[in-house]
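A.B. asks: If you scroll down you'll find the structure; I have some questions about it.
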Amino acid sequence: AEDLAAFNHENLVRAVAAFPLPIISAVGHEVDTTLCDLVADVRAPTPSAAAEMISPDQEQLQQSLDYSYQRLCQSMSNRLSSAQQLLQLKQANLQHPLQTLQVFQQQFAHLARQLSQALLHSVESYQHRLAQLQLRQQQQSPAAAIQQHQAFNLQLQNRLKQSMLVQLQAAKQQLAASASQLEIVSPLATLSRGYSIVKDQQQQIIADSNQLNVDDEVQVQLHKGSFVAKVAKIKSK
């Protein structure tokens, strides 16, 4: 009892009860109980038993760490795979300005063919009608009828010329509008405003500073000409 008296002292017991960290009481006398045993978080029968409590099995701890590491790797792999799929989807949906330019060029070519066919059909129709009138003119010999047909023929020619001029003017306006649209979406128009296109040595367009390293050589395409530059400093977004 005298040996255990120190573990029943009020100051020690209050200190153990108020200590912020968990405390294991292992006085070493299993048959006796002290006040420190009652206020401690855990009571161990012997000091060796207390050591076992605070020292977990290393193999079990290693297995737990291995399991956590595998879960972490799997989670990172899944997130990386999802990010790659999302990136591929966005890249597939992203349309290059050259593709838009090609679409406008195809539309322009189609409209030009339609206009040419319409003009050709109109000319052929007027020529056919003119030939019919000339045939009727030959069949009717009176001078008055001839003069009348000649006047009508001249009127048709004037109408044909006027119609062709109107259609040509409309075609020119449509051509100018299409050219303006092509100029708007043209990468060259963007370059003429002071912008440039930066490519790496594999001719891939640089859109993010994280794609570059210091001392990398890049090719800069300007509105007129291009030059090769070396990266001296990288600034993130």
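A.B. asks: With the checklist (1) of a type in the set (Val, Ile, Thr); (2) out of contact with any strand residue (DSSP E or B) (no Cβ under 6 Å at 6 or more places or on another chain); (3) over 30 Å from Phe104 (Cα atoms) in hand, flag the one item Val228 doesn't pass.
C.D. replies: Just one mismatch for Val228, condition (2).
A.B. asks: Among the residues of the stretch 32-43, are any within 60 Å of the chain's Cα centre (by Cα) and either exposed (fewer than 15 other Cβ atoms within 10 Å of the Cβ) or in a helix (DSSP H, G or I) (or both)?
C.D. replies: Yes: one or more hits.
A.B. asks: Considering only the stretch 200-218, how many residues are open to solvent by 60 Å² or more (accessible area, probe 1.4 Å) and under 23 Å from Leu98 (Cβ atoms)? Talk me through it step by step, then tell me what you get.
C.D. replies: Let us first name the residues in the stretch 200-218 that are open to solvent by 60 Å² or more (accessible area, probe 1.4 Å), namely 201-205, 207-208, 210-211, 213-215, 217.
With the extra rule that they be under 23 Å from Leu98 (Cβ atoms), the set shrinks to 201-205, 207-208, 211.
The number of residues fulfilling the criteria is 8.
A.B. asks: Also, quick follow-up: Just checking, which of Ala118, Ala145, Ala179, Ala131 is at pLDDT below 80 and out of contact with any Pro (no Cβ under 8 Å at 6 or more places or on another chain)? Reasoning before the result, please.
C.D. replies: Details: Ala118 fails: at pLDDT below 80; Ala179 fails: at pLDDT below 80; Ala131 fails: at pLDDT below 80.
Only one candidate qualifies: Ala145.
A.B. asks: Can you name every residue in the stretch 158-184 that is open to solvent by 70 Å² or more (accessible area, probe 1.4 Å) and either outside any helix (DSSP H, G or I) or not hydrophobic (A, V, I, L, M, F, W, C) (or both)?
C.D. replies: The answer is Asn158, Arg159, Lys161, Gln162, Gln169, Lys172, Gln173, Gln174, Gln181, Glu183.
A.B. asks: Additional query: Among the listed residues Ser25, Ser55, Ser48, identify the single one that is open to solvent by less than 60 Å² (accessible area, probe 1.4 Å) and among the hydroxyl-bearing types (Ser, Thr, Tyr).
C.D. replies: Ser25 is the lone residue from the list that is open to solvent by less than 60 Å² (accessible area, probe 1.4 Å) and among the hydroxyl-bearing types (Ser, Thr, Tyr).
The values are calculated or read from the model by the stated rules, or taken from the named source; none is laboratory data. Only a predicted model underlies this, so the values are computations on that prediction, with no experimental measurement involved. Cβ sites come from the backbone with ideal geometry, for glycine too, and all protein chains shown count toward neighbours. To get the accessible areas, we keep the full protein, side chains included, count just its heavy atoms, and leave off ligands, DNA and RNA. Shrake-Rupley method; radii C 1.70, N 1.55, O 1.52, S 1.80 Å.
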